[in-house]
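Down below is the structure, laid out as structure tokens.
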Amino acid sequence: MAGTAARGWRRYLRIGGYVLAALVAWPIVMTVVYTVVPPPFSNVMLLRALSGNGIKKDWVSLDEISPHLPRAVITAEDARFCEHRGVDWTEFQGVIEDALEAGEAPLRGASTIPMQTAKNLFLWDGRFAIRKVLELPVALWMDLVWSKRRMIEIYLNIVEWAPGVYGAEAAARHHFKKSARNLTRREAALLAAVLPNPIKRSAGKPSKGVRSIANRIQVRMAGMAPYLACLGR
């Protein structure tokens, strides 16, 4: 009887090991695949769909997106995008120091575009410490495998810009009734302004707060050119 129970436990442990290995291998393998193949969906898309949201998306290459949009998004979300290797350790250290000094959750974040891409593609949304820990190695791996152009291209095609609206092309059509290639500097800044909370913020019908954020992004974009060399071919 004891031997049967032991064999049963070993079987469950073996199955668990296979499942764990598959979960670890998935982002490693698919990151390589996505070097040349557009991701058909992301984990966040699927989880949102399960909660009742639809999925509206249209993949377009970076060349088919107005150059204003990656500039605005990098300015707003990850100003050292071209300099770091997936994780901005300078910003990350600042967040940890803030948390230690305050004795509570930090007031700022340190999520880079590679980390956000890792979250969207392979993990899940929400404020979970374990997810943040998992983001780090995945972001570092993706930044090692992908060029910076590929990284921002994938991010701009999978990020959510309104409930159920994913990617630059779908966002441009949803908010401004035009293609992503025709976005103006102002429209790009408005889209970047809603990224922290696309469920409550709207780029097409911006609140006073969103317009104010977009104004600041536009001002900062003017001086970003020297820091965006990685977007060139």
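The values are calculated or read from the model by the stated rules, or taken from the named source; none is laboratory data. Quick caveat: nothing in here was measured; it's all calculated off a predicted structure. For neighbour counting, all protein chains shown are included, and Cβ atoms are generated from backbone atoms with ideal geometry for every residue, glycine included.
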Exercise. Can we say Val145 is in contact (Cβ under 8 Å) with a residue 40 or more places away in the chain, touching a Ser or Thr at 6+ places or on another chain (Cβ under 6 Å) and surrounded by fewer than 23 Cβ atoms within 10 Å (Cβ to Cβ)?
Worked result: yes
Exercise. Can you name every residue in the range 201-227 that is more than 10 Å from Leu191 (Cα to Cα) and touching a helix residue (DSSP H, G or I) at 6+ places or on another chain (Cβ under 7 Å)?
Worked result: Ile213, Ile217, Gln218, Arg220, Met221, Met224
Problem set entry | Residue identified as under 21 Å from Val133 (Cβ atoms) and at pLDDT below 70 among Gly8, Gly86, Gly103 | Gly103
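Matching residues to (1) outside any helix (DSSP H, G or I); (2) farther than 16 Å from Arg85 by Cα; (3) under 13 Å from the mean Cα position of the chain (by Cα):
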| site | (1), (2), (3) |
| --- | --- |
| Asp125 | yes, yes, yes |
| Lys132 | no, yes, yes |
| Glu135 | no, no, yes |
| Arg149 | no, no, no |
| Tyr155 | no, no, yes |
| Ala172 | no, yes, no |
For this session: Please enumerate the residues belonging to the range 22-53 that are at pLDDT below 90, surrounded by fewer than 13 Cβ atoms within 10 Å (Cβ to Cβ) and in a loop (DSSP other than H, G, I, E, B).
Result: Ser51, Gly52
For this session: Determine which member of the set Val73, Val60 is at pLDDT 95 or above, surrounded by 10 or more Cβ atoms within 10 Å (Cβ to Cβ) and assigned to a helix (DSSP H, G or I).
Result: Val73
Problem set entry | Selected residue (only one of Arg80, Arg85 is closer than 24 Å to Trp26 by Cα, in contact (Cβ under 8 Å) with a residue 12 or more places away in the chain, in the same structural domain as Lys148 (by TED's automatic domain parsing) and not hydrophobic (A, V, I, L, M, F, W, C)) | Arg85
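Residue by residue, here is whether (1) under 18 Å from Lys56 (Cα atoms); (2) β-branched (Val, Ile, Thr); (3) not in a helix (DSSP H, G or I) holds:
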{"position": "Leu190", "(1), (2), (3)": "no, no, no"}
{"position": "Asn197", "(1), (2), (3)": "yes, no, yes"}
{"position": "Lys200", "(1), (2), (3)": "yes, no, yes"}
{"position": "Pro206", "(1), (2), (3)": "no, no, yes"}
{"position": "Val210", "(1), (2), (3)": "no, yes, no"}
{"position": "Asn215", "(1), (2), (3)": "no, no, no"}
{"position": "Gln218", "(1), (2), (3)": "no, no, no"}
{"position": "Pro226", "(1), (2), (3)": "no, no, no"}
For this session: Can you work out which of the residues in the range 153-185 that are farther than 22 Å from Val29 by Cβ and among the β-branched types (Val, Ile, Thr) is surrounded by the most Cβ atoms within 10 Å (Cβ to Cβ)?
Result: Val159
